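Here's the structure we're looking at; comments come further down.
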Amino acid sequence: MKDLQPVVYIVDDDAAVRRSLEWLVSSVGLQARPLASAQEFLEVFDESRPACLVLDLRMPDMGGLELQEQLAARGLEVPTIMITAYAEVPAAVRAMRAGAVDFVPKPFSDQALLERIQEATARARQLFLRRRAQVDLGEMLKQLSRRERQVMEGLAAGLANKQIAARLGLSEKTVEVYRSRLLKKLQVRTVAEVVRIALRAPDVGGFTTGSTGKP
C-alpha cells in the first residue's frame, strides 16, 4: 500500500550531501525528500505517511538537536539518524536520548548508512501502524453508548453478565443485548477480543456505574 511506503527525509544544509544521500536512498527503492533546513522540514513534514529522518547535526539557525527537541515538543516520534563531521560524544548521547536511531560521523560508508536507514524505515512503519491502530480504536470506542462502555468495562474486569447486571441495576437479558451490540460495534466475535480491545484503550478504567453519556 502506498500510504505504508516510508519517506526518508534528508535534512542537510550542504547541497552536495543532499544530492548524494538522495541518490543513495533512491538506489534501494525508497522515497527520498531532500531539504535544506530544519525549518523547511517542519513546514513540509507529512504525518500521514511513515517517515524517518537523516539529519545533519550542525546547520544554520536550527541544528539537528534543536529539531529533535521541536519534534518531541510536538509529540512527533520520527526515527532519526544523525550525521555530522564532528564526532562529539556528548552530542551523540543527547541525540540518542532524544530518539535518534544512530549517530553516524562523516565520512560514512554508504552500505553502513543504508543498513541504518533500513532499520529506521522498519521502525517508522511500526510506529505508523501503531498510531493508526490507536486512531481506529478511538473511532470505534466513540460509537459506544454509555451502557455499552460500562458492559465492556465489566467484561474487562472479568465479571459475568449476571454480575454486570446486578451492578448496573439491569436485567441479565438487557446486559446480553448490550453485549451483542458491543461485539458488533467493535467488529469482534468473542468476549476475549473485547477484553483485549479494552486493555488497549488508554481511557478505559475500572468498572463504573456513572451516569454520563448516552444511555
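Results, tabulated for the structure shown:
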read-out: Accessible area per residue in Å² at 1.4 Å probe, computed on the stretch 95-200; value: 57
read-out: Potential extension, E119-E66 segment - 0.36 nm per residue separation minus Cα distance; value: 16.8 nm
read-out: Cα shape, the stretch 3-87, gyration tensor, a/c 1.5 rule; value: oblate
read-out: Residue-normalised accessible area of the stretch 1-57, expressed per residue, 1.4 Å probe, Å²; value: 46
read-out: Centroid-to-centroid separation of the stretch 120-182 and the stretch 1-69 [C-alpha atoms, Å]; value: 39
read-out: Those GluC sites (Glu not before Pro) in the stretch 1-74 that DSSP places in a loop and that have at most 16 other beta carbons within 10 Å; value: E47
read-out: Protein accessible area in the stretch 8-80, 1.4 Å probe - carbon and sulfur %; value: 43
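The values are calculated or read from the model by the stated rules, or taken from the named source; none is laboratory data. All of these numbers come straight from a predicted model, not from anything done at the bench. Cβ coordinates were reconstructed from backbone atoms using ideal geometry, including for glycine residues, and neighbour counts include every protein chain displayed. Each accessible area value is taken on the protein alone, full model and side chains, heavy atoms only, with ligands, DNA and RNA left out. Shrake-Rupley method; radii C 1.70, N 1.55, O 1.52, S 1.80 Å.
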